Ligand code: BEZ
Ligand code: FE
């Protein structure tokens with residue numbers, strides 16, 4: 001008899017479980033089989049005690065219980081463990097010049113259509129915040145302008161709150177749907193976003209504290225783009241110089257998504273005082289592009 005018979009028994013157990021995975025759907029069989037294989041490898045490697053395993057199960061139960069119609073604690077968990085970014089990574093490959101994608105996060109909501117150049121900050125942040133113009137061009141990866149691209153934009157205010165978290169903001173504040181014209185350009189007026197903490201009052205916050213992690217996301221603006229004949233893109237524009245760019249709690253930062261917010265007096269934007277300007281061109285991938 002060996003000193004530690006567990007590994008052989010563990011191997012047999014895994015083989016038995018994998019042998020029990022059937023059903024009609026071959027993709028589901030692969031996914032469940034892969035998950036079981038990795039979970040068993042985790043147990044083999046970490047050898048959790050029964051108390052530790054029950055604690056993990058309790059954590060997952062509480063994560064489910066924290067979910068409501070407007071809060072998904074499981075997505076937050078996936079975001080905080082970098083799994084959402086990993087899924088994003090494997091699903092959005094393409095030509096090197098394309099604008100990279102980034103996670104959607106939990107704060108997307110229907111946005112009001114607005115004219116190009118609109119002010120999207122209509123709450124108290126408009127008085128307090130730093131006036132900012134975001135502008136750029138939507139093109140394909142060969143530089144051809146994309147007309148009729150719909151940009152769905154959402155951001156937190158100068159204190160790091162989205163409209164849905166802040167009784168001082170009305171629904172639709174700091175959100176917009178903008179449609180590009182023939183030259184593919186877009187622009188809007190807003191206030192500079194601020195870095196903010198992800199929600200920490202649930203089990204995920206508990207986990208972050210227990211493993212010594214901060215909950216901060218670097219300042220950003222979310223942009224989701226749909227244009228006929230092009231792959232849809234969900235991405236972020238990050239503010240250069242933000243102290244959390246190197247330690248985003250959601251692991252969503254990519255260098256190509258960071259833009260300078262530079263002081264400007266450019267008269268083209270009709271601002272009535274000094275402001276910050278951020279230029280962010282967006283390169284979409286054409287539908288059917290094999291890369
Ligand atoms: C966000 O940017 O809105 C976000 C992304 C991931 C987790 C929490 C918030
Ligand atoms: Fe966000």
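Among residues belonging to the stretch 63-73 that are assigned to a helix (DSSP H, G or I) and over 16 Å from residue 215 (Cα atoms), point out the one that is farthest from the chain's Cα centre (by Cα). Walk me through it before giving the result.
Step one: filter the stretch 63-73 for residues assigned to a helix (DSSP H, G or I), giving 63-65, 73.
Subset that is over 16 Å from residue 215 (Cα atoms): 63-65.
Working: 63: 19, 64: 20, 65: 23 Å.
Filtering the stretch 63-73 for residues that are assigned to a helix (DSSP H, G or I) and over 16 Å from residue 215 (Cα atoms), the one farthest from the chain's Cα centre (by Cα) comes out as 65.
Those residues that are touching a helix residue (DSSP H, G or I) at 6+ places or on another chain (Cβ under 8 Å), within 15 Å of ligand 2 (Cβ to nearest atom) and either modelled with pLDDT under 95 or outside any loop (DSSP other than H, G, I, E, B) (or both), I need them from the stretch 174-190; list them, please. So that I can check it myself, show each step before the final result.
Filtering the stretch 174-190 down to residues touching a helix residue (DSSP H, G or I) at 6+ places or on another chain (Cβ under 8 Å) leaves 174-175, 187, 189.
From what's left, within 15 Å of ligand 2 (Cβ to nearest atom): 174-175.
Result: 175, single match.
Tell me, please, whether a residue that is over 30 Å from residue 208 (Cβ atoms), within 16 Å of ligand 2 (Cβ to nearest atom) and modelled with pLDDT of 95 or more can be found in the stretch 101-122.
Residues of the stretch 101-122 over 30 Å from residue 208 (Cβ atoms): 112-120, 122.
Those still in the list that are within 16 Å of ligand 2 (Cβ to nearest atom) too: 120.
Adding the requirement that they be modelled with pLDDT of 95 or more leaves 120.
Among the residues of the stretch 101-122, at least one is over 30 Å from residue 208 (Cβ atoms), within 16 Å of ligand 2 (Cβ to nearest atom) and modelled with pLDDT of 95 or more, which makes the answer yes.
Please go through the stretch 212-231 and pick out each residue that is more than 20 Å from residue 104 (Cβ to Cβ) and away from ligand 1 (no atom under 16 Å from the Cβ).
Step one: filter the stretch 212-231 for residues more than 20 Å from residue 104 (Cβ to Cβ), giving 212-214, 228-229.
Correct list: 212, 228, 229.
Being over 20 Å from residue 232 (Cβ atoms) and assigned to a helix (DSSP H, G or I), is that true of even one residue in the stretch 127-137?
So far as the stretch 127-137 goes, yes, one or more of its residues are over 20 Å from residue 232 (Cβ atoms) and assigned to a helix (DSSP H, G or I).
When you look at residue 290, is it touching a residue at least 24 places away in the same chain (Cβ under 8 Å) and either more than 16 Å from residue 153 (Cβ to Cβ) or within 16 Å of ligand 1 (Cβ to nearest atom) (or both), yes or no? Outline the logic, then answer.
On the way: touching a residue at least 24 places away in the same chain (Cβ under 8 Å): no; either more than 16 Å from residue 153 (Cβ to Cβ) or within 16 Å of ligand 1 (Cβ to nearest atom) (or both): yes.
No, not satisfied.
Just one of 76, 54 is surrounded by 11 or more Cβ atoms within 10 Å (Cβ to Cβ) and under 26 Å from the mean Cα position of the chain (by Cα); which is it? Break it down stepwise before answering.
Details: 54 fails: under 26 Å from the mean Cα position of the chain (by Cα).
Going through 76, 54 in turn, just one is surrounded by 11 or more Cβ atoms within 10 Å (Cβ to Cβ) and under 26 Å from the mean Cα position of the chain (by Cα): 76.
Filter the stretch 151-169 for residues that are more than 14 Å from ligand 1 (Cβ to nearest atom) and over 16 Å from residue 104 (Cα atoms) and give the result. Quick ask: steps written out before the conclusion?
Restricting attention to the stretch 151-169, the residues satisfying the condition of being more than 14 Å from ligand 1 (Cβ to nearest atom) are 151, 158-159, 167-169.
Passing the criteria: 158, 159, 167, 168, 169.
The values are calculated or read from the model by the stated rules, or taken from the named source; none is laboratory data. Small disclaimer: the values here were computed from a predicted structure and weren't measured. Neighbour counts run over all protein chains shown; Cβ positions are idealised from the backbone, glycine included.
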